[in-house]
1. Pop out the ³J(HN,Hα) list for the stretch 479-490 in order, Karplus 6.51 cos²θ - 1.76 cosθ + 1.60 with θ = phi - 60°, rounded to Hz; leave Gly and Pro as x.
2. How big is Rg to Rh over the chain, alpha-carbon atoms, Rh as the Kirkwood inverse-mean-distance radius?
3. State in Å² the accessible area per residue of the stretch 264-319; use a 1.4 Å probe, count heavy atoms of protein chains only, and round to the nearest integer.
4. Anything over 26 Å Cα to Cα? Flag those among 416/449; 131/245; 24/681; 410/432; 406/526; 362/406, in the order listed.
5. Per residue, how many Å² of accessible area does the stretch 35-104 show with a 1.4 Å probe?
6. Summarise the accessible area of the stretch 447-497 (1.4 Å probe, protein heavy atoms) by the percent that is carbon and sulfur.
7. So which chymotrypsin sites (Phe, Trp or Tyr not before Pro) in the stretch 440-523 end up in coil per DSSP with only 15 or fewer other C-beta atoms within 10 Å?
8. Given N residues in the stretch 446-586, what is its alpha carbon radius of gyration divided by 2.2 N^0.38 Å?
Amino acid sequence: MKLSQENRYVIDCFNKILQKNPEKKAVIYGIGNNTQIILSEIGKTQVAGLMDAAFEGKQVLGLSVFSLEDAVKFGDYVVIVARSSVVPIIFERIKALEELYHFPVYNLEGERLIEKKAPIYRNENSYWEKKENDLFRQISSHDTISFDIFDTLIMRDCMLPTDIFLMVELKLQERNIPCEGFYSARREAEIELEKGYPILQELYDYVQERLHWTDAEKDEAMQWELCLEETHCRPRAFMKSVYEKAAAMGKQVILVSDMYLPRQEIIKLLRQCGILQYDQIYISCEEKADKKTGGLFRKILKDGYQNILHIGDNERSDGKAAEEQGIHSYTIWSAYEMLVQSSMRYMLSFADSLEKRNCVGKIIAQVFDQPFFLNEKRGKFQVQAPYDIGYLFLGPVIRCFLSFLKDTVKKLQVDKVLFCARDGYVIWRLYKMFQEYQTGYFPEGIYFKTSRRAITVAAIQNESDIAVILQKPYRTTMGELLHTRFGILPDPKDAMAGHMAVSTENPDEVNAYIMSYYNKILQNAKEEWKSYQTYLDRNHILEGQKFAVYDFCSGGTIQHYLEKLHPAEYRGVYFATVNLPNIFYPNGDKMNTLFGNIGQYETGYHLAKHYMYLEGVLTDENGTLVRFDPEGVPLYDESENSRRCLDGILEIQRGIEAFCQETVSCSWFDDYETMKIFSDKLLGCLFKQEVCEIPHPIKTIVKAESAYDFLDAYTAWNGE
């Protein structure tokens, strides 16, 4: 086997590490081509085993794939065999080896990674100099334009191509087909048969022999792979437009791929992605030649194509190999490579399962379709539109909650789910989407117009109720407190109305002032409750015996006052509770939360730090509900709308809904206890300056404020 310069470099580096540790056994992290080269050229004498999260507990390349604990037990140190840009991501995953066991982890250069200072994000790759116009100038000056297919013209919306194999394994499990070791065998088939340019049938013959399948079992597994390829393939829209412009310019267009799928299947995928017109297609498994050794390019030249420009995503196969045959090349990065090279690569450190990688795959297919997207900022990720905030950063955490909500209402067996205004609005709409697209227990969902102001005033019956309302902190004037918390305007001649009311400074004075309006407060409360009741009755909202009450982050105020005003069984279903225990729920019972209680010192969740931002996004178009009129019509604080960028909020909501729509049938988020941590970290990326750059106009879209709490408008980046 002819070794490339890269192969020789990897072997030399690994040899140096072995020579420094002659009596010790290495564990190699990584099972790619370079690991295969190391084992074939150096041997396995000083290698205890391998590491790779997806292969853990399996046999690959004749060696065991270790867990962290097994690596410590059977090896002496780890060497990460991967590109330098990926090494920090891998080290982040296995850093516990150093932190818990003081077990050395090295890169290929022999540097112990725990001793390397993490660099500030900087990427000086020459790729950043490429521009869209450069590509079109190159196309204009050539007669034949050759396109790579996968990751160039079409792409999968899963993070790694090999994730398709894991999905096949899950399908086989559902069908009760024996499949233990399938993923490993399927990957190994490509490695072992690579030199013969295998077709899919030959790869599955290898798997069949390894797993002792019948012909019927083999055929079904192979059909599942083809089916899943179709399901997850989509056009790379920007590159599809490049291909269409090349054809419109009268260029000869050919397609070239190192691939095991048969011609008819690749044509089917291309047709599915709207790629229909090309002069010829060259596939390695049919031509028995590939791009990376130059064989396919030689065939193209032999067939008479001249003045060729080849466009693809692989620096070696699509770049150097083409140039070596006298064919000009232009390399663009795949969506995955763009992620690896960008400031967003942080998310790879916690994408450690199929479900998480599938989520990342959706995200990068959306964001990194355009191969020059990162170039202006040299790899620093910049949010381009409010839609992206919803799709990339908020969509996953909300989709995770929807799975939790579905499971919780089924366990509770409630009659209805009340989605409290205003931040119940988007979740209510998404719940209705779930009702339409999923099967299962979905009680009626109602968007319930309410607010702390509206329900607490309507529920006042005595001095104790007033005292409870005054326990909520305040800093305002006496008259404003009277109006905001109790719905009463001070008398025109009230000399005290302009005096300051501060809960930590003069609570007794404030209490005496408020109680001077006691009778007016009670009378107003009766009127407001009557109007509230009219709204409830006309909309049949509280018809039932058992209700789930949704709110975003709650102390249970709405839930408590519903129990008081309309006796029934109520159970809260929240993203999180706030500051429990409290006077309403001293034991924190009757509440179900995904993120627990987000008291100030109790959690490290990004959702806890930025929950006011999400509250500002999940809202409807109205201001805070103040009360109802006698006909049961809601009356709002309309002044809030003048301080909100509603168009921007709606665009963020569209992004959230698009992500949830695309994943509504996916089971990725069923393990919501695990996925909440992953989606919360994605949410956190939005607020990390080293990861994500947000233009000022987008930062100022979402403002959260609370007249009830006398809080000024909040934006998530106020502290900058």
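1. Here the 3J(HN,Hα) series is x, 5, 4, 4, 6, 5, 8, 10, x, 10, 7, x Hz.
2. Reported Rg/Rh (Cα atoms, Kirkwood Rh): 1.05.
3. Per-residue accessible area for the stretch 264-319 comes out at 46 Å².
4. 24/681; 406/526
5. Numbers: 3010 Å² over 70 residues.
Result: 43 Å² of accessible area for each residue.
6. Of the solvent-accessible surface of the stretch 447-497, carbon and sulfur hold 52 percent.
7. Loop-located and lightly packed - 441.
8. For the stretch 446-586, the normalised Cα radius of gyration comes out at 1.12.
The values are calculated or read from the model by the stated rules, or taken from the named source; none is laboratory data. Being a predicted model, the structure only gives us computed values, none of them experimental. A quick note on method: Cβ atoms are made from the backbone with ideal geometry, for glycine too, and the neighbour counts reach across all protein chains shown. These area figures cover heavy atoms from the full protein model, side chains too; ligands, DNA and RNA do not enter into them. Shrake-Rupley method; radii C 1.70, N 1.55, O 1.52, S 1.80 Å.
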